[in-house]
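**Q** Here you go, one structure.
What follows draws every value from the coordinates through simple rules; no lab data is involved. None of the values given here were measured: they were computed from a predicted structure. Note: ideal-geometry Cβ built from the backbone for every residue, glycine included; neighbour counts use all protein chains shown.
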């Protein structure tokens with residue numbers, strides 16, 4: 001099964017660019033089985049503790065059940081149906097104040113050990129300084145000469 | 001002797017030679033009479049040694065390699081203080097002869113217990129975490145530590161982070177099994193910034209709010225720019241930064257037509273030069289004139305404005321117009337009117 005993560009850039013140049021700073025990294029795991037998520041949560045929290053990553057909340061959002069009702073027979077017999085349901089259980093792990101390198105290491109470790117049939121969504125909130133060109137309005141140095149052209 | 005009687009006479013599995021199937025231990029005897037499958041010419045007592053189990057099929061068995069005994073399971077030879085990380089170094093399916101735990105899984109037989117681990121498909125199907133025991137996790141983390149960097153200690157609170165790094169970029173990555181690794185939702189970028197951290201004066205701030213419209217949240221003073229029009233995340237991020245730059249510079253620009261701003265365009269209600277001020281001054285003047293009869297309109301108006309009740313009235317009207325009509329605002333207006341009109 002093709003299960004590589006589509007996020008990590010493999011060619012990060014450690015020496016040249018400064019490390020990004022993530023204020024929050026939220027890892028949401030989805031599976032059909034609650035026991036698998038329990039074990040995975042234990043693994044992820046222990047890994048974060050060993051690597052020294054500050055953890056926020058670790059909680060379980062309520063599960064989603066998608067139900068469908070289909071005809072039981074191939075032809076006619078409309079009154080006899082069969083019902084199926086798909087249960088999706090969630091687990092949410094929040095990591096606070098984590099640098100780009102640590103995040104990359106931790107997420108790659110977590111994702112390589114993701115069990116079969118479990119999906120993951122990672123939401124990263126990175127912090128940045130205000131870029132230089134937004135510090136001062138440019139009209140002080142470059143006053144508008146021809147207003148009709150703008 | 002009939003086959004059924006032969007089977008009923010013995011309970012041992014080795015003598016079920018006449019049957020084509022081997023997994024008949026525990027079946028009711030009445031069923032065996034219907035299971036007349038392959039007849040063989042072999043004797044009842046199987047030859048000792050190689051063939052511990054009866055043959056399958058029976059016919060095409062010439063030249064078949066003799067089957068080996070499985071031997072004792074590995075769990076018997078495992079010492080209690082072994083290195084478990086070498087037994088399960090990577091993610092592998094469950095092997096009942098390599099896990100020394102008496103695990104049972106599955107729906108129990110009526111009045112019985114769940115089936116044992118030997119040959120149990122349920123244990124093989126479910127993902128196991130045998131390769132991620134605490135000892136293994138510690139080992140992995142020790143090896144990963146050199147690649148981690150520390151968080152700068154000066155940025156321990158959220159307030160300090162906001163002060164030095166006010167722009168927040170949010171993006172989501174998706175990991176799932178499927179025919180494709182890509183997820184089109186991964187290109188969405190949210191840029192959040194507090195307007196108080198940007199260098200804006202009064203006019204620039206009002207113009208920015210008008211330009212931005214719904215993307216600004218008044219309660220938290222956060223401007224959110226969401227971009228998803230480009231196919232790549234990098235492109236969307238650069239587009240969001242470009243939008244922020246353009247908004248900033250455009251809001252500082254003062255166009256010629258901005259001088260035509262009317263009272264209807266104002267964001268907040270201002271009391272000076274409003275019909276409400278004129279009305280209250282006219283009313284008070286008429287009350288005064290009826291009472292005393294003075295001249296000099298402009299001076300009298302200024303004096304009236306400076307009175308405390310008129311200031312209260314002004315505050316209540318401004319509050320009513322800006323915040324809307326709620327219980328407190330209407331009560332405040334009522335009190336102010338009472339005081340001004342001496343009712």
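**Q** Which order results if B:147, A:59 are arranged by neighbouring Cβ count within 10 Å, fewest first? Before the final figure, lay out the partial values.
**A** Values: B:147 15, A:59 11.
Ordered by Cβ neighbours within 10 Å, fewest first: A:59, B:147.
**Q** Contact order normalised by length for segment B:77-145, with contacts defined as Cα pairs under 8 Å and 6 or more residues apart; what percent is it? The partial results should precede the final answer.
**A** Working: 52 pairs, mean separation 23.7, N = 69.
Value for segment B:77-145: 34 percent.
**Q** In whole Å, how far is the Cα centre of segment B:200-240 from that of segment B:307-335?
**A** What the calculation gives is 34 Å, centre to centre.
**Q** Taking a ≥ b ≥ c as the square roots of the Cα gyration tensor eigenvalues, with a/c under 1.5 meaning rounded and otherwise prolate when a/b beats b/c, else oblate, which class fits segment B:77-145? Provide the component values of the computation, followed by the final result.
**A** Values: a/c = 3.01, a/b = 2.12, b/c = 1.42.
In terms of gyration-tensor shape, prolate.
**Q** What order do you get for B:274-287, A:65-78 when each peptide is scored by the mean count of other beta carbon atoms within 10 Å, highest first?
**A** Details: B:274-287: 14.4, A:65-78: 9.2.
For the peptides B:274-287, A:65-78, the packing ranking is B:274-287, A:65-78.
**Q** So, one more: If neighbour count is taken as other Cβ atoms inside 10 Å, put B:273, B:156 in order from fewest to most. It would help to have the intermediate numbers written out before the result.
**A** Details: B:273 8, B:156 12.
So the residues, fewest neighbours to most, are B:273, B:156.
**Q** Hey, another quick one. Which of the peptides A:36-48, B:98-110, B:227-239 is most tightly packed, and how do the rest follow, going by the mean number of other Cβ atoms within 10 Å of each residue?
**A** On the way: A:36-48: 18.5, B:98-110: 12.1, B:227-239: 14.8.
The peptides rank, most packed first, as A:36-48, B:227-239, B:98-110.
**Q** If you don't mind, another one. From other protein chains only, count the Cβ atoms within 10 Å of every residue's Cβ in B:147-155, then give the mean.
**A** On the way: counts 9, 11, 10, 5, 11, 4, 0, 0, 4.
Mean partner shielding for this stretch: 6.
**Q** Restricting to Cα pairs below 8 Å that are 6+ residues apart, what does the relative contact order work out to for segment B:198-343? Please round to a whole percent. Can you show the working numbers first?
**A** Working: 71 pairs, mean separation 26.1, N = 146.
Relative contact order of segment B:198-343: 18 percent.
**Q** Using a 10 Å cut-off around each Cβ of peptide A:126-133, what is the average number of partner chain Cβ atoms that fall inside?
**A** Numbers: counts 7, 9, 9, 4, 10, 4, 0, 5.
Whole-number average of other-chain Cβ neighbours for A:126-133 is 6.
**Q** Post the alpha-carbon centroid distance, segment A:29-95 to segment B:247-288, in whole angstrom.
**A** 57 Å
**Q** Using a Förster radius of 25 Å, what is the FRET efficiency between residue B:125 and residue A:119 based on their Cβ-Cβ separation? Nearest 0.05, please. Intermediate results must be reported in sequence, preceding the final value.
**A** Numbers: r = 18 Å, r/R0 = 0.73.
Calculated value: 0.85.
**Q** I want to make sure I understand the PRE zone here: with the label point 7 angstrom from the Cα of residue B:221 toward its beta carbon, which residues in segment B:136-172 have backbone N atoms less than 12 Å away?
**A** Those under the cut-off are B:163.
**Q** A further question follows. Residues of A:111-118, mean number of Cβ from any other protein chain within 10 Å of their own Cβ, rounded to a whole number?
**A** Working: counts 2, 2, 8, 5, 6, 5, 5, 4.
Neighbouring Cβ atoms belonging to other protein chains average 5 per residue here.
**Q** Continuing with the same structure: Sort B:177-187, B:206-216 by the packing proxy (mean of other Cβ within 10 Å over each peptide's residues), most packed first. Mind dumping the intermediate values first?
**A** On the way: B:177-187: 12.5, B:206-216: 14.4.
Packing proxy ranking, top to bottom: B:206-216, B:177-187.
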